[in-house]
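Trainee: The following block contains the structure, expressed as structure tokens.
The values are calculated or read from the model by the stated rules, or taken from the named source; none is laboratory data. Just so it is clear, the structure is predicted and the values come from calculations on it, not from any experiment. Neighbour counts are summed over all protein chains in view; Cβ atoms, including those assigned to glycine, are modelled from backbone coordinates with ideal geometry.
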Amino acid sequence: MIRKSYDDNFSKEVRMKSIGGSDAAVVLGLSKYKSAIDLWLEKTGQKEPDDLSDNEAVEWGNILEPVIANQFSKKTGKELIIDTDVLYHSDYDFISANIDRDIVGEDAGLECKNTSEYMLSQWEDEEVPVLALVQCQHYMFVTGSPRWYVAGLIGGNKLRWKPIERDNELIEMMLEKYKSFWKCVETNTMPEVDEFGVNEGTLKYLYPDSNGLTIDSSSIDSEVEKLMKLKQDKKVIDSQIKEKELSIKDFLEDNEVGRSLNFQVTWKTQTANRIDSKRFKSDHPELSKQYYNESKSRVLRVKKL
């Protein structure tokens, strides 16, 4: 493991020239927020990373990190120290780590997470959120440690922590993905979608406008057939869902809540205030034009020939 002093000026260079712990899930195709192609665009300087300075989740995560660490230390008796260095794997200089805390007297570290109440099920029993799992494995790979801990503050009032043992088989798989991805960065070659996956945001960035041309799409006929089948299945399922919802509403009648030993169902009156845009345009046609905001998007449609 190689250490380098870390400061704000060095921060961007680290992000651009290495795969960090928060990048792990992205490279592995596990992130719902960013694809590997998005990350590649950032690492090659073709796209600015998202500005998270005003992101409340990120802001509160930074604020609560010392709180989570202190509570973990208090409840486990483990002494923690802040590690401000950037750590690099001794054999792979493109793999880095900025860890939250070192654990004194133990070859291990701590990753702190602030998450919502909706994620509670991922922290119960022996469960560990998969994004935290791969991030901790990443840190164990860089540092050589046999164990890492993750502590999560859930919904602002529940602290859960788990030990995560080093998984060499998983790390080996991650390393192969890392090497494949970094080769794409070094050669400025876009990662293959089949290998790394893609999301809607990436496609909108790469292909924002249609060019009016027609191409032979025979090679993806099987994908189109699967899509049409899934859409047809969805129509059937949506219809069945609607039927069950109507049945439950009919049972509730005027009542707001239904409760059994197993379930609670509610059918509550909700009030929302919305602008009547149609009336506004009719009453103030010239004024409404000042608030037009043109938007464009590409719509995928499929039809049988």
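Trainee: Does Ser121 count as of a type in the set (Ser, Thr, Tyr) and outside any strand (DSSP E or B)?
Mentor: The answer is yes for Ser121.
Trainee: Can you tell me how many residues within the range 24-70 are among the hydrophobic types (A, V, I, L, M, F, W, C) and either closer than 25 Å to Leu159 by Cα or assigned to a loop (DSSP other than H, G, I, E, B) (or both)?
Mentor: Residues meeting the conditions: 13.
Trainee: Right, another one. Out of the residues in the range 262-281 that are β-branched (Val, Ile, Thr) and modelled with pLDDT of 90 or more, which is farthest from the chain's Cα centre (by Cα)?
Mentor: Among residues in the range 262-281 that are β-branched (Val, Ile, Thr) and modelled with pLDDT of 90 or more, the one farthest from the chain's Cα centre (by Cα) is Thr269.
Trainee: Conditions: (1) at pLDDT below 95; (2) within 21 Å of Ile171 (Cβ to Cβ). Asp91 meets all but one. Number of the miss?
Mentor: For Asp91, the failing item is (1).
Trainee: Right, next: So Val130 ticks every box in (1) touching a helix residue (DSSP H, G or I) at 6+ places or on another chain (Cβ under 8 Å); (2) surrounded by fewer than 16 Cβ atoms within 10 Å (Cβ to Cβ); (3) of a type in the set (A, V, I, L, M, F, W, C); (4) within 21 Å of Val67 (Cα to Cα) but one. Which box is left unticked?
Mentor: (4)
Residues checked against (1) at pLDDT 95 or above; (2) more than 23 Å from Glu176 (Cα to Cα); (3) in the same structural domain as Tyr92 (by TED's automatic domain parsing):
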{"position": "Gly21", "(1), (2), (3)": "yes, no, yes"}
{"position": "Ala24", "(1), (2), (3)": "yes, no, yes"}
{"position": "Lys32", "(1), (2), (3)": "no, no, yes"}
{"position": "Glu42", "(1), (2), (3)": "no, no, yes"}
{"position": "Ala57", "(1), (2), (3)": "no, yes, yes"}
{"position": "Ile63", "(1), (2), (3)": "no, yes, yes"}
{"position": "Ala69", "(1), (2), (3)": "yes, yes, yes"}
{"position": "Lys74", "(1), (2), (3)": "yes, yes, yes"}
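Trainee: Same structure again: Say whether the condition of being among the aromatic types (Phe, Trp, Tyr), surrounded by 10 or more Cβ atoms within 10 Å (Cβ to Cβ) and within 30 Å of Phe181 (Cβ to Cβ) is met by at least one residue in the range 283-293.
Mentor: So far as the range 283-293 goes, no, none of its residues is among the aromatic types (Phe, Trp, Tyr), surrounded by 10 or more Cβ atoms within 10 Å (Cβ to Cβ) and within 30 Å of Phe181 (Cβ to Cβ).
Trainee: For the range 71-80, name all the residues that are outside any helix (DSSP H, G or I) and small (Gly, Ala, Ser).
Mentor: Within the range 71-80, Gly77 is the sole residue that qualifies.
Trainee: Check the range 282-293 and report whether any residue there is closer than 30 Å to Ser35 by Cβ and over 31 Å from the mean Cα position of the chain (by Cα).
Mentor: No.
Trainee: Quick one: count up the residues across the range 104-135 that are more than 22 Å from Ala57 (Cβ to Cβ) and at pLDDT 95 or above.
Mentor: Adding up the residues that qualify gives 6.
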